[in-house]
Structure formats: structure tokens, C-alpha cells
1. What does the structure give for A:143-152 when I average, per residue, the other chain Cβ atoms found within 10 Å of the residue Cβ?
2. Let me know the mean shielding of A:35-43 by other chains, meaning the per-residue number of their Cβ atoms within 10 Å of its Cβ.
3. Counting other C-beta atoms within 10 Å, which of B:120, A:24, A:14 has the fewest, and how do the rest follow?
4. So, in nm, how far is label residue B:119 from label residue B:138 when the simple model puts each one 7 Å beyond its Cα toward the Cβ?
5. Could you rank the peptides B:62-69, A:113-120, A:34-41 by their average count of other C-beta atoms within 10 Å per residue, with the highest value first?
6. Suppose each label sits 7 Å from its Cα in the direction of the beta carbon; what would the residue B:145-residue A:49 distance come out to in nanometres?
7. What spacing in nm lies between the two simple spin-label points modelled at residue B:18 and residue A:101, each 7 Å away from Cα in the Cβ direction?
8. Using a 10 Å cut-off around each Cβ of peptide B:23-32, what is the average number of partner chain Cβ atoms that fall inside?
């Protein structure tokens with residue numbers, strides 16, 4: 001599907017992808033608002049360049065690139081505010097809608113995962129990307145993506161004795 | 001088959017927080033704007049400055065200087081008498097004036113010569129043989145300070161007249 005900036009198609013595409021994209025961006029941002037800014041910047045950039053929306057690996061790579069760019073540029077401010085953020089912002093703005101204690105424990109376990117495992121898990125579980133697409137987005141091999149996914153699940157399982 | 005299928009199911013039941021409704025509106029507005037002002041997220045704004053491309057300006061000036069030098073050299077070059085198959089002349093060093101590039105050499109390659117027969121040029125009684133030759137000349141300048149060189153190659157056509165003798 002060709003993207004045209006004036007085309008209304010982007011709304012359909014975006015409404016389907018938005019929750020997963022924002023969740024993906026949340027890994028590198030301090031708040032939901034920052035994550036939305038990242039997604040906005042990345043999606044506009046992606047759409048304007050007429051990339052094929054089916055190329056999800058490239059879309060997620062764009063989000064990641066914009067998020068890391070923001071992280072680098074904002075690192076000084078981030079350091080200054082890190083304490084306040086870890087104490088307040090994260091608890092005020094959760095990344096998931098939690099219904100019970102088991103889900104709360106799962107979210108807590110997710111936070112303990114190494115970044116490289118968590119990003120693969122987020123892309124696989126909540127964005128339905130294939131390992132090939134994940135590999136393309138992260139510039140790693142498909143096998144490495146699959147390995148990281150398995151390691152992430154194993155680590156989660158270790159942190160959740162009830163499962 | 002998969003040890004983690006139960007865990008994967010639990011993870012899929014976790015729903016990510018929905019983005020704010022304003023996000024789509026902001027994207028719509030950003031896509032409607034011209035691309036030059038596409039700093040969509042406030043904290044990602046990137047100022048755009050106009051920068052002189054000094055390299056391009058320098059190259060342009062160097063090319064203009066070379067063309068002026070080329071015209072100067074062509075105007076003051078003595079007429080060639082005989083065709084040369086391939087020759088390289090080292091030009092005498094020219095006192096560097098204001099220009100930083102000084103002529104460093106001239107290469108002349110004759111790649112085609114045609115004998116056009118005997119002619120009587122003007123009102124001369126003396127028959128002359130006219131030879132037309134096509135050459136490729138390469139002029140080279142060098143900056144003695146930096147070692148930078150500038151080379152220009154151009155095609156030329158020469159007509160030479162040779163007296164016919166032995167009759």
C-alpha cells in the first residue's frame with residue numbers, strides 16, 4: 001500500500017498499530033506523553049517517506065531510532081529527573097491496564113527483563129511481529145531475535161513461580 | 001510443544017494502555033503541514049538553519065579561475081607547427097601572482113590525422129599539403145602550497161600546411 005500524506009488510510013493503519021507502537025516506545029521514554037511524541041514523530045516521518053506500511057520492521061526501526069535519538073539528546077535532563085521519574089511517573093502512568101495481582105506481578109517481572117529481551121517480547125506479543133520483522137527492526141538475525149524471545153520468557157517464568 | 005504457551009497467553013491478556021485520542025489529531029495536523037515544519041513533537045523540534053556550502057563555493061570559484069587561466073593560456077600559446085603523436089611538456093614555472101594555482105604541465109595526444117591533399121593557400125604559387133589533426137590536450141595546474149592539482153582536458157583540431165617539395 002502506497003502512503004500518501006493526504007490519504008485518510010493512515011488513520012486506519014495507525015488506529016490498529018498505535019497501542020503497540022506506544023508500548024514499544026515506552027521502553028525508552030520516561031512517560032506516556034514522551035512515548036506518544038516519539039510515535040508521532042516516527043509515524044509522520046515514516047508516512048511522509050512513502051514507505052510501505054506493510055514493512056513493519058522499518059516502522060518499528062523508525063520508532064526505535066527516534067526514541068533513542070530523544071534519549072541521547074535528553075540524557076542530561078533525564079539524569080537530572082531520573083529520581084523523580086522512577087519514584088512517581090512510572091507508577092502514575094503504567095504501560096498496561098492491570099486487572100489483578102497476577103497481572104501486576106507479570107508487569108513487575110517485565111520491568112526486570114534486560115532491555116534487549118524486553119523489546120523483542122514487546123514486538124512479538126503486543127505487536128505481532130514475526131521474528132524476521134523483529135530482526136529487521138533491530139538489525140539482528142532472525143535466530144537471535146528468537147533466542148532473545150525465549151530467554152525473555154524463561155526469565156519471566158523464573159520470576160513468576162506460580163506459572 | 002511450547003513450554004511457554006501458558007505464559008504467552010497470560011502476556012497476551014495484558015492490554016497496553018490506549019494512547020490519548022489527541023495523538024491521532026496531532027499526527028493528522030502534522031501530516032497536513034508542509035514537511036519543512038514537521039517537527040511534530042515539541043521536544044523533538046529541530047531547528048533548521050541555512051548553511052553556506054563552502055566546499056561548493058570553493059569548487060565553483062576554482063573552476064571559474066581554471067576557465068580564466070585556460071582562456072589566457074590558449075590566447076598566448078604559440079602556433080603549433082607539426083603534429084605530435086604524444087608529448088608531454090613541462091611548462092616553465094610562472095611566477096605565482098595572486099592565483100594560487102600555477103601551470104604545471106601540458107599533455108597533447110594526437111589521436112587522428114588526415115591528409116587533405118595539396119592546396120594553394122591564398123594567392124600563393126607554392127603548393128602546400130594540408131594536414132588536419134585531432135588532438136586532446138590536458139592542462140594541469142598545481143598549488144605549490146597545498147599540492148592540490150587541477151586538470152582540464154579538452155579536444156582540439158589543428159590544420160597544418162607543409163610545403164610540397166621534390167618536384
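A short reminder: the numbers here are calculations on the coordinates, not readings from a lab. These numbers were taken from a predicted model, which means no experiment stands behind them. We place every Cβ from the backbone using ideal geometry, glycine too, and count neighbours over all the protein chains shown.
1. Per residue, the number of nearby Cβ atoms from other chains is 1 on average.
2. That average works out to 6.
3. B:120, A:14, A:24
4. Placing both labels 7 Å beyond Cα along the Cβ direction yields 3.1 nm.
5. Top of the packing list down: A:34-41, A:113-120, B:62-69.
6. 4.2 nm
7. Computed distance between label sites residue B:18 and residue A:101 equals 3.0 nm.
8. Partner Cβ neighbours, averaged per residue: 6.
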